[in-house]
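A short worksheet on the structure shown next.
The values are calculated or read from the model by the stated rules, or taken from the named source; none is laboratory data. What you see is a predicted model, and the numbers here were worked out from it, not measured in a lab. Neighbour counts run over all protein chains shown; Cβ positions are idealised from the backbone, glycine included. Each accessible area value is taken on the protein alone, full model and side chains, heavy atoms only, with ligands, DNA and RNA left out. Shrake-Rupley method; radii C 1.70, N 1.55, O 1.52, S 1.80 Å.
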Amino acid sequence: MIYIQKNNDGIPHHFDCACAMYGAIDLGLEYKLISFEELKSGKWDSLIKSNLFIGSVEFMTEVFNRVEIKQPKLPLNNFRPFIEMKIKDFKNLIDNNSNSEQKYFIKPKEIKAFTGFVVDKWSVTTLNSLNDDLDIFVQEVIDIESEWRIYVFRNKVVDIRQYSGELEADVYGMVNFANKLLKNKEEKLKGFPSTFTIDMAIYKKHPKIRLKTVVEFNDMWAIGNYGISNDLYVRMLKERYFDIIKNKK
């Protein structure tokens, strides 16, 4: 049985939950839509270890918490240098920087606490709605021409989808880049599960030589479907979910 998050209207919570529902139908698997409130009530606790649960980051974090599993995280976010600090310290950094044109990319240490974005001296006030003690990662801004999501299932690239930038045809280059990483997984991606996604980008500054970089590695337990088949999406979610349950520490 697959338990999929629903909203107050009784339909799948969001697009990705709908993909999971149709994926279950395509695979001929039974499913049930349940609400976040029902999950928190504890009525499904005895089923968590033996059945697949699918939902938002908040929903899945609650699922894992109920069986005493800390929110799963990959060992590495990307290969680019970063500084970890609190939002209040980042605000001080901005205030004390004499270069008013300096831009930074920030993202939360806690998964999906907010969506990462670019900040400069003129937009730093957008952080005022966030807790000053929230931990963030701060990185240099890179000029991106296009971004892609690569889906890795059982250590093999199974799909690739472009999700930003002008439409390109450099699929081979992206897959080749990802395959090189997977070939040296024990060196480059030590401790990674067999199923995850890689968000990659092509630099604007070097379009002719197609310079590529990893924007972010994403765990599969609550990742978005950017266009892969619904049945593959469910198979990947299932693979990673039970890998987490099996390797509970």
Residues located in the stretch 95-130, provided they are open to solvent by less than 50 Å² (accessible area, probe 1.4 Å), over 30 Å from GLU186 (Cα atoms), of a type outside the set (S, T, N, Q) and modelled with pLDDT of 85 or more: TYR104, VAL119, ASP120, VAL124, LEU127, LEU130
Determine the pairs where a residue that is farther than 18 Å from GLY10 by Cα, located within the stretch 34-52, has a partner that is assigned to a loop (DSSP other than H, G, I, E, B) and of a type in the set (Val, Ile, Thr) with Cβ atoms under 7 Å apart, the partner being 6 or more residues away or on another chain. ILE48/VAL67; LYS49/VAL67
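Is it the case that ILE202 is at pLDDT below 90 and buried (at least 16 other Cβ atoms within 10 Å of the Cβ)?
The answer is yes for ILE202.
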Can you find even one residue in the stretch 61-69 that is open to solvent by 80 Å² or more (accessible area, probe 1.4 Å), of a type outside the set (Lys, Arg) and at positive phi? yes
Output the residue which, of all residues in the stretch 205-249 that are modelled with pLDDT under 85 and open to solvent by 50 Å² or more (accessible area, probe 1.4 Å), is farthest from ASN65 (Cα to Cα). LYS208
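Quick check on my filter: what residues within the stretch 228-249 are within 18 Å of PRO72 (Cα to Cα), of a type outside the set (Lys, Arg) and outside any helix (DSSP H, G or I)? Talk me through it step by step, then tell me what you get.
Taking the stretch 228-249 and keeping what is within 18 Å of PRO72 (Cα to Cα), we get 236-249.
Subsequent filtering for residues that are of a type outside the set (Lys, Arg) retains 236-237, 239, 241-245, 247.
Across the stretch 228-249, the qualifying residue is only ASN247.
If you take the residues of the stretch 144-156 that are out of contact with any strand residue (DSSP E or B) (no Cβ under 6 Å at 6 or more places or on another chain) and open to solvent by 40 Å² or more (accessible area, probe 1.4 Å), which of them is farthest from TYR241 (Cα to Cα)? First the steps, then the outcome.
Within the stretch 144-156, the first condition is being out of contact with any strand residue (DSSP E or B) (no Cβ under 6 Å at 6 or more places or on another chain), and the residues that meet it are 153-156.
Now narrow it down to the ones that are open to solvent by 40 Å² or more (accessible area, probe 1.4 Å): 154-156.
Working: ARG154: 13, ASN155: 16, LYS156: 18 Å.
Only one residue tops the list, namely LYS156.
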Looking at the stretch 28-49, which of its residues are open to solvent by less than 60 Å² (accessible area, probe 1.4 Å) and in a strand (DSSP E or B)? LEU33, ILE34
How many residues of the stretch 1-27 are at pLDDT 95 or above and open to solvent by 70 Å² or more (accessible area, probe 1.4 Å)? The answer is 7
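Name every residue in the stretch 166-199 that is part of a strand (DSSP E or B) and polar (S, T, N, Q), in order of residue number.
From the stretch 166-199, those part of a strand (DSSP E or B) are 196-199; that's our starting set.
Matches in the stretch 166-199: THR197 only.
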For the stretch 147-187, enumerate the residues that are within 17 Å of ASP219 (Cβ to Cβ) and touching a Lys or Arg at 6+ places or on another chain (Cβ under 6 Å). ARG149, LEU181
